[in-house]
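What follows draws every value from the coordinates through simple rules; no lab data is involved. Note that the structure is a prediction, hence the values are computed from the model and not measured. No Cβ is skipped: glycine too gets one built from the backbone with ideal geometry, and neighbour counts run over all protein chains shown.
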């Protein structure tokens, strides 16, 4: 059964431009056409989506009710904004397309996706490009992607085994699974990743559900798993539909993936016997699909790497290099940023840069850049602390880092 057959309207084939008046009323984040995220510099000049996934991040910015995709500017203008962004570096900066506010393979969005890809490829760029979808990808689409000669494109198919149509209406169709199998059957240069997300207790964590997802993942290059953004906006929406939402009112900035759930996912993968590798981080799965080292420098957080294939661990180890102050100073100057920093084993602490600047540095150095006000903890790297218990030594270490920054600030003020 297709998405159209179950009543999901896919939107117009030709997209309208959003009026200036409507653009002025957008949340600033939704109005941002080019912005930095952990997995890359993100281009989003089309907003609006009819797929109605109950956990969608568009709840957070008041855009969930916009079902018809609209252009914020022309695609030619968007391309120039992307390559003209101060943090864009040819062959270095990972890029994400339409990952914030629409699905790139909706009928009206897809021509713009291909226009961007061809424009970047024609310039000879070899950057990683991440395209996240749960919609219909055809053999013709794969043929089009395979004409690209320089970009390292990865399709990440969001598929989690959720069957409740209140949470994920497209679950009633076979569109995503069919697309995964089609992409896997026709890929040569294109990476294909099963994006196993969100994994949520009570929704899709039963052993048979996990086994189903893993079976679908037999044909892809890699499987990446992650948790659920538990915030009041999407939780409230789902509860109004009668969905049982876990985690109570323990809302968090980061995705929730308790340690116990992580362990069950890994155990299910090992029990399945499939040959497809499993990764905890998006950039790790994307890098593996292209036989490249992780561009986010997760080798500095070795606990994440226990499930990675030996060949991938070796790639990351060979590429890994601890930066020295001159390296950090050079990148800060190159990007026009200013920050105190502290180099420790596996990562560099900064303070006050904000996420967009922090990730630009991280991708340039291929090394973990951590923000003092948003610290990472052992076994909960990049995740909410819900379901994790930091030990006293971590708290003491973080207090020591804060003290060093405070002392440096006092010294500089003098």
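Highest mobility in the GNM of the chain, judged by mean-square fluctuation with C-alpha springs under 10 Å and restricted to 360, 248, 292, is found for 248.
Suppose R0 equals 41 Å; then what is the FRET efficiency for residue 333 and residue 244 from their Cβ-Cβ distance, rounded to the nearest 0.05? Efficiency computed from Cβ-Cβ geometry: 0.20. The GNM of the chain, with springs linking C-alpha atoms under 10 angstrom apart, assigns the highest mean-square fluctuation among 393, 160, 179 to 393. Length available on full extension from residue 378 to residue 326: 0.36 nm per residue minus the Cα-Cα distance, which gives 15.9 nm.
Extending 7 Å from the Cα toward the beta-carbon at both residue 178 and residue 215 defines two label points whose distance is 1.9 nm. For the chain, the antiparallel share of DSSP beta bridges with both residues in that region comes to about 30%. The slack between residue 344 and residue 9, meaning 0.36 nm per residue of separation minus the straight C-alpha distance, is 115.5 nm.
Would you kindly state how much longer the chain becomes between residue 260 and residue 291 on full extension, computed as 0.36 nm times their sequence separation minus their alpha carbon distance, in nm to one decimal?
Values: separation 31, 0.36 × 31 = 11.16 nm, distance 3.04 nm.
Taking 0.36 nm per residue and subtracting the Cα distance, the gain is 8.1 nm.
With R₀ set to 41 Å, the beta-carbon distance separating residue 60 from residue 189 gives a calculated FRET efficiency near 0.75.
Distance between the 7 Å Cα→Cβ label points at residue 311 and residue 118: 3.3 nm.
Once you wrap a convex hull around the alpha carbon atoms of the range 25-155, what is its projected area averaged over all directions, in nm²? Don't skip to the answer; put the middle values down first.
On the way: hull surface 30.3 nm².
The number I arrive at for the range 25-155 is 7.6 nm².
Decide, for the chain, between rounded, prolate and oblate: order the square roots of the alpha carbon gyration tensor eigenvalues as a ≥ b ≥ c, take rounded if a/c falls under 1.5, and otherwise choose prolate if a/b is larger than b/c, else oblate. It is rounded, given that a/c, with a ≥ b ≥ c, falls under 1.5.
Once the Cβ-Cβ distance of residue 27 and residue 52 is raised to the sixth power relative to R0 = 22 Å, the FRET efficiency obtained is 0.70. Spin-label model, residue 252/residue 81: points 7 Å from Cα along the beta carbon direction are separated by 3.2 nm. Take every Cα pair under 8 Å whose residues are at least 6 apart in sequence, average their separation, divide by the length of the chain, and the relative contact order is 13 percent. Here the Gaussian network model covers the chain, with springs between Cα atoms less than 10 Å apart; of 87, 392, 119, 392 fluctuates the most.
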